[in-house]
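The values are calculated or read from the model by the stated rules, or taken from the named source; none is laboratory data. If you're wondering where the values come from, they're calculated on a predicted model, not measured in any experiment. Neighbour counts are summed over all protein chains in view; Cβ atoms, including those assigned to glycine, are modelled from backbone coordinates with ideal geometry.
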């Protein structure tokens, strides 16, 4: 069953569809709150057990921001020509991965940072909500 | 002169290059703080006088969130194959556009929301900072 948001005309996707779409992409954006202000970082990510996993550089501003407080993580694919696309947002809390068995598993994920800098910390987003919307081409 | 971030190996772009790149795209993501938590929304935008302009639906959660407090607005283009791309972030404050001459001007911008819902409010982001980074393909 397709759910359409009656206010916006936008299709609302269920959690399973959102997760399936998250698996198709490699780059998302993490939003965090720093001293009451929003910050946003593009990030290479992978999905592990239905959760978003990414790497940060120890001691970087991104690392410290990502490791405290609530986060929002967004992925989208849009097409300017057909003016359509989808967006998935994960709201939750980021945690540093410290358990060795878990580290061993996530190190095998298809996730290599694009920049040359060493990113030694692995972060997991524990989702509270996963929501997604799709805009279909207007007829 | 190209500036390279010595910690990350990422190229740091100046404000003029960031603005030029913002002009090339149509979709970005707005991050706001709601009750201490980050929220993130994909948004169709245009550039007007070096500032980000977009439309919101009166009374929507996005509208109320975007109209108070600091915002971060992000645009990126990435290429999974070459593992390269750029990202620009505007940090600033969003304002509802209310002046009639200004509304007349922004209504002529190439900016039509993709969903059918009426979005009657025009919002402008007054930038405090515009920063950008580029990851070039690794040799």
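List of remarks:
- Evaluation of residue A:85 against the conditions (1) at negative phi; (2) touching a residue at least 12 places away in the same chain (Cβ under 8 Å); (3) surrounded by 16 or more Cβ atoms within 10 Å (Cβ to Cβ) shows that the sole unmet condition is (1).
- Pairs, first closer than 14 Å to residue A:51 by Cα in segment A:20-39, second in a loop (DSSP other than H, G, I, E, B), C-beta under 6 Å, six or more apart: A:26/B:80
- Strands (runs of 3 or more DSSP E) within segment A:25-70 that include 3 or more residues under 22 Å from residue B:90 (Cα atoms), more than 7 Å from chain B (Cβ to nearest Cβ) and at pLDDT 85 or above: A:27-34, A:37-48
- Residue selected from segment A:75-121 under the condition in a helix (DSSP H, G or I) and within 20 Å of the chain's Cα centre (by Cα), by the criterion nearest to the other protein chains (Cβ to nearest Cβ): A:106
- Segment B:122-136: number of residues that are within 9 Å of chain A (Cβ to nearest Cβ) and either modelled with pLDDT of 95 or more or in a loop (DSSP other than H, G, I, E, B) (or both): 0
- Residue in segment B:10-18 that is at the interface with chain A (Cβ under 9 Å from one of its Cβ atoms) and either modelled with pLDDT under 90 or within 27 Å of residue A:129 (Cβ to Cβ) (or both) present: yes
- Scanning segment A:34-73 for residues that are buried (at least 23 other Cβ atoms within 10 Å of the Cβ) and under 16 Å from residue B:34 (Cβ atoms) gives A:38, A:40, A:71, A:72, A:73.
- For residue A:73, the requirement of being in contact with a strand residue (DSSP E or B) (Cβ under 6 Å, 6 or more places away or on another chain), at pLDDT below 85 and closer than 23 Å to residue B:28 by Cα is not met.
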